[in-house]
Amino acid sequence: MSPAESGGYPRLLGAVVRREVVLFLRYPFEALGTIVVLGVLFAGIFLGGTALAGQAMADSIEGIVVGFFLWILAIGAYGDVAGDVAADASWGTLERHYLTPFGFGPVLLAKAAAKLLTHFVYAGVLLAVALVLTGTTLELDLVTILPVAVFTVASAFGIGIAFGGLTVLYKNVTSWMELVNFVLAGLIAAPLVGNDLLLALPLAQGSALLQRAMRDGVRLWEFEPASLAILVGTGVGYLLVGYLVFTLCQRRARRLGVLGDY
Amino acid sequence: MGSRSEARDRPRSTESEHRPATGGDRRADETDSGDKGDGDVALDVEGLSKTFGSGQDAVTAVDGVSFSVERGEVVGLLGPNGAGKTTTIKSALGLVVPDEGIVEICGVDVSTDPRTAYGHVEAMMEGARNQYWRLTVRENLEYFTAISGEDPATVRDRHDRLLEAFDLREVADTQVRTLSRGMKQKSSIASTLARDVDVAFLDEPTLGLDVESADELRRQIRAIATERDVGILLSSHDMDTVEAICDRVVIVDEGEVVVDDTVEALLGVFETQRYRLTVRGVEPAAVADLDVAVEAVTELDGRVRFDVTADSDAVYRLMRELDGRGARLEAVETDTPDLEGAFRSVTGDDRATTGGGGA
């Protein structure tokens with residue numbers, strides 16, 4: 001049966017999302033653990049920052065909250081995607097995802113999208129916690145925030161997919177992933193003023209736009225077309241490059257006979 | 001009477017005589033495929049080769065392997081550890097890219113149109129691990145059905161049938177991780193057969209099962225192959241499983257197919273049986289002129305033991321001769337031909353055939 005004859009990609013996505021939701025609800029302690037750890041981390045940054053920097057911290061708190069929100073989304077898009085591939089390889093379920101009429105790539109994209117969905121929930125909850133904790137108010141116009149956030153994390157998502165491919169091929173790439181984790185955090189926080197080249201880096205443009213949307217209340221249609229073009233271009237571009245790297249890696253893994261080994 | 005242990009004692013030289021006799025890589029259409037209905041080929045492997053590495057480190061895992069599996073047929077893929085079974089299966093599925101060869105699943109070329117081909121096939125490569133342990137048995141069936149594009153809700157009957165067949169109905173809503181090793185294995189097989197497939201690969205399906213469960217599992221796999229007209233390629237070290245449910249056996253050794261024949265024909269390698277007669281009251285020399293080929297005569301503290309490989313007529317003749325010479329029969333042991341013996345014979349392999357691991 002070809003995907004066209006069957007339920008198509010919505011059924012595939014439905015199945016992987018359902019699995020995420022089932023596990024999310026079945027192991028609430030695990031989900032709660034993630035939220036608590038990230039919440040404590042934020043509280044540490046906020047309270048520590050206030051004690052050390054006082055007024056400076058108070059002046060930039062909105063930016064920190066937005067950056068924190070984006071960082072949770074980004075690590076979900078980046079880390080969980082590669083982690084999911086590694087987990088499937090170690091569980092012995094990776095090869096079964098290869099043997100579907102949808103193709104390995106689309107199946108992993110669907111699984112990655114499902115992971116990202118759970119991180120949107122984490123990020124939403126933690127955003128609320130951060131706002132209450134800091135007494136900050138932000139513009140939460142979803143029509144603006146959602147598309148900007150989606151294209152922003154798409155770049156991290158692309159890197160995650162690429163690392164998923166590298167995991168298939170080289171098995172353990174954790175140390176490299178930690179390095180990239182730092183870089184991504186840096187890209188969210190880095191001010192991009194004065195260097196247009198930096199805008200081509202993942203997360204950077206999206207981070208800047210999200211700050212403006214959430215702090216200054218800029219609406220989606222109020223952004224300059226060029227800014228939006230860079231946002232969409234980097235998001236889609238990194239996604240495509242990530243997918244290409246993934247495809248090359250899985251092809252090489254199959255040639256070497258190491259697909260599914262862990 | 002100890003047929004297994006005696007099979008292991010069989011002299012190497014006698015076994016090796018059978019190796020070429022079983023006919024190299026005979027194709028399915030030269031065997032008994034005529035009685036398989038329309039001869040609808042579910043899996044066709046032609047000239048599959050795979051070498052890992054290059055130069056001096058190159059290892060040829062699969063070397064020109066050809067065989068086929070028809071719908072409704074259960075074929076056993078056997079071979080000593082490291083013979084190339086796993087690489088053959090993985091190459092056939094495209095999980096390993098072969099250097100040469102064509103693999104067609106239901107007439108679809110796996111290398112040029114993998115997605116269409118994968119609509120017809122599913123595989124259990126990792127035994128009990130082949131599923132999500134934190135999902136329930138039924139959730140696994142539904143998940144792997146859905147990611148192949150089928151609607152689990154519309155095939156609930158099929159899933160119920162599988163749960164029933166593998167004695168999983170009562171644990172259908174239990175997380176796999178909490179099940180016993182054997183139940184996990186059965187759940188994994190059920191999830192592999194949950195999709196509407198035309199061909200399924202099962203690697204060591206009875207691993208970890210007790211004798212009774214293994215028996216039942218064999219029956220059910222056989223029944224499902226027939227009922228659903230699914231071609232099953234089964235790799236196993238468990239000769240009882242292979243002998244019980246396989247129509248045909250493909251034996252690979254050192255990357256090549258050394259036998260492709262029916263189980264019956266393979267057992268027919270031993271048209272004669274081995275007998276061990278122990279008698280009292282005759283001298284070993286007294287049998288020198290017997291009209292029966294005696295392989296070994298051993299004197300044992302007043303008794304004499306004769307090892308013969310013969311058909312029943314010859315055995316009766318020997319007994320009459322011995323009776324005529326005043327011998328008193330102490331014991332008769334027979335060595336029934338089984339697949340394990342045949343396997344050892346064609347592979348010249350004295351290594352244990354139990355235990356996991358593949359190549």
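The values are calculated or read from the model by the stated rules, or taken from the named source; none is laboratory data. All of these numbers come straight from a predicted model, not from anything done at the bench. Cβ atoms come from the backbone with ideal geometry, glycine included; neighbour counts cover every protein chain shown.
The single residue among A:87, A:51, A:58, A:43 that is surrounded by fewer than 16 Cβ atoms within 10 Å (Cβ to Cβ), touching a Ser or Thr at 6+ places or on another chain (Cβ under 9 Å) and farther than 25 Å from residue A:163 by Cα turns out to be A:58. Only one residue in B:191, B:213 is assigned to a helix (DSSP H, G or I) and in contact (Cβ under 8 Å) with a residue 60 or more places away in the chain. Which one? Residue meeting the stated conditions: B:191. The test for being touching a Gly at 6+ places or on another chain (Cβ under 6 Å), assigned to a helix (DSSP H, G or I) and either of a type in the set (A, V, I, L, M) or more than 11 Å from chain A (Cβ to nearest Cβ) (or both) does not hold for residue B:101. Restricting to the stretch B:220-243, and then to whatever is at pLDDT below 90 and not hydroxyl-bearing (Ser, Thr, Tyr), can you tell me which residue is farthest from residue B:131 (Cα to Cα)? The extreme case among them is B:243. Scanning the stretch A:199-236 for residues that are over 20 Å from the mean Cα position of the chain (by Cα) and touching a residue at least 12 places away in the same chain (Cβ under 8 Å) returns A:215, A:216, A:217, A:218, A:219, A:220, A:223, A:227.
Within the stretch A:7-25, does at least one residue satisfy the condition of being more than 26 Å from residue A:146 (Cα to Cα), within 14 Å of chain B (Cβ to nearest Cβ) and free of Cβ contacts under 8 Å to residues at least 12 places away in the same chain? Yes, the stretch A:7-25 contains at least one residue that is more than 26 Å from residue A:146 (Cα to Cα), within 14 Å of chain B (Cβ to nearest Cβ) and free of Cβ contacts under 8 Å to residues at least 12 places away in the same chain.
Considering the conditions (1) aliphatic (A, V, I, L, M); (2) in a loop (DSSP other than H, G, I, E, B); (3) away from every other protein chain (no Cβ under 12 Å); (4) buried (at least 21 other Cβ atoms within 10 Å of the Cβ), residue B:207 is excluded by exactly one of them, (4). Residues in the stretch A:25-40 that are among the hydrophobic types (A, V, I, L, M, F, W, C) and loosely packed, with under 15 Cβ neighbours inside 10 Å: A:25, A:29, A:32, A:36, A:37, A:40. Got at least one residue in the stretch B:127-138 being surrounded by 24 or more Cβ atoms within 10 Å (Cβ to Cβ), closer than 25 Å to residue B:222 by Cβ and among the basic types (Lys, Arg)? Within the stretch B:127-138, one or more residues are surrounded by 24 or more Cβ atoms within 10 Å (Cβ to Cβ), closer than 25 Å to residue B:222 by Cβ and among the basic types (Lys, Arg).
Only one of the numbered conditions (1) within 14 Å of another protein chain (Cβ to nearest Cβ); (2) among the basic types (Lys, Arg); (3) under 18 Å from residue A:150 (Cβ atoms) is violated by residue A:212, and that is (1). Of the helices (runs of 4 or more DSSP H) lying entirely inside the stretch A:83-183, the ones with 3 or more residues being more than 14 Å from chain B (Cβ to nearest Cβ), at pLDDT below 90 and in contact with an Asp or Glu (Cβ under 8 Å, 6 or more places away or on another chain) are found at A:104-134.
Could you say whether any residue in the stretch A:75-83 is of a type in the set (Ser, Thr, Tyr) and either surrounded by fewer than 20 Cβ atoms within 10 Å (Cβ to Cβ) or more than 19 Å from the chain's Cα centre (by Cα) (or both)?
Pass one, the stretch A:75-83, residues of a type in the set (Ser, Thr, Tyr): A:78.
Then drop every residue that is not either surrounded by fewer than 20 Cβ atoms within 10 Å (Cβ to Cβ) or more than 19 Å from the chain's Cα centre (by Cα) (or both), which leaves none.
Checking the stretch A:75-83: not a single residue is of a type in the set (Ser, Thr, Tyr) and either surrounded by fewer than 20 Cβ atoms within 10 Å (Cβ to Cβ) or more than 19 Å from the chain's Cα centre (by Cα) (or both).
Entry remark, the stretch A:224-262: residues being part of a loop (DSSP other than H, G, I, E, B) and at pLDDT 90 or above number 1 in total.
Search the stretch B:108-135 for residues being among the polar types (S, T, N, Q) and more than 9 Å from chain A (Cβ to nearest Cβ), and hand back the single one that is farthest from the chain's Cα centre (by Cα). Quick ask: steps written out before the conclusion?
Here is the first cut: in the stretch B:108-135, the residues among the polar types (S, T, N, Q) are B:111-112, B:116, B:130-131.
Those left that are additionally more than 9 Å from chain A (Cβ to nearest Cβ): B:111-112.
On the way: B:111: 27, B:112: 30 Å.
Here the residue is B:112.
From the residues in the stretch B:145-158 that are surrounded by fewer than 21 Cβ atoms within 10 Å (Cβ to Cβ) and either within 14 Å of another protein chain (Cβ to nearest Cβ) or not in a helix (DSSP H, G or I) (or both), which one is nearest to the chain's Cα centre (by Cα)?
Narrowing the stretch B:145-158 to residues surrounded by fewer than 21 Cβ atoms within 10 Å (Cβ to Cβ): B:151, B:153-158.
With the extra rule that they be either within 14 Å of another protein chain (Cβ to nearest Cβ) or not in a helix (DSSP H, G or I) (or both), the set shrinks to B:151, B:153-155, B:158.
Details: B:151: 34, B:153: 35, B:154: 34, B:155: 30, B:158: 27 Å.
Step by step, filter the stretch B:145-158, then rank; the result is B:158.
Here A:187, A:228, A:199, A:209 are screened, and the one residue that is among the aliphatic types (A, V, I, L, M), more than 30 Å from residue A:95 (Cβ to Cβ) and touching a Pro at 6+ places or on another chain (Cβ under 8 Å) is A:187.
Can you tell which of A:239, A:248 is more than 30 Å from residue A:211 (Cβ to Cβ) and either of a type in the set (Phe, Trp, Tyr) or in contact (Cβ under 8 Å) with a residue 24 or more places away in the chain (or both)?
Numbers: A:239 fails: more than 30 Å from residue A:211 (Cβ to Cβ).
Step by step, each of A:239, A:248 is checked, and only A:248 is more than 30 Å from residue A:211 (Cβ to Cβ) and either of a type in the set (Phe, Trp, Tyr) or in contact (Cβ under 8 Å) with a residue 24 or more places away in the chain (or both).
In the set (1) of a type outside the set (A, V, I, L, M, F, W, C); (2) closer than 24 Å to residue B:105 by Cβ; (3) outside any helix (DSSP H, G or I), the condition left unmet by residue B:140 is number (3). Quick check on the stretch A:90-106. Is at least one of its residues of a type in the set (Gly, Ala, Ser) and crowded, with 23+ Cβ neighbours inside 10 Å? No, the stretch A:90-106 contains no residue that is of a type in the set (Gly, Ala, Ser) and crowded, with 23+ Cβ neighbours inside 10 Å. With respect to (1) part of a strand (DSSP E or B); (2) under 9 Å from the mean Cα position of the chain (by Cα); (3) more than 22 Å from residue B:198 (Cβ to Cβ), the lone exception for residue B:249 is condition (3). In the set (1) surrounded by 19 or more Cβ atoms within 10 Å (Cβ to Cβ); (2) under 22 Å from residue B:252 (Cα atoms); (3) in contact with a Gly (Cβ under 9 Å, 6 or more places away or on another chain), the condition left unmet by residue B:76 is number (3).
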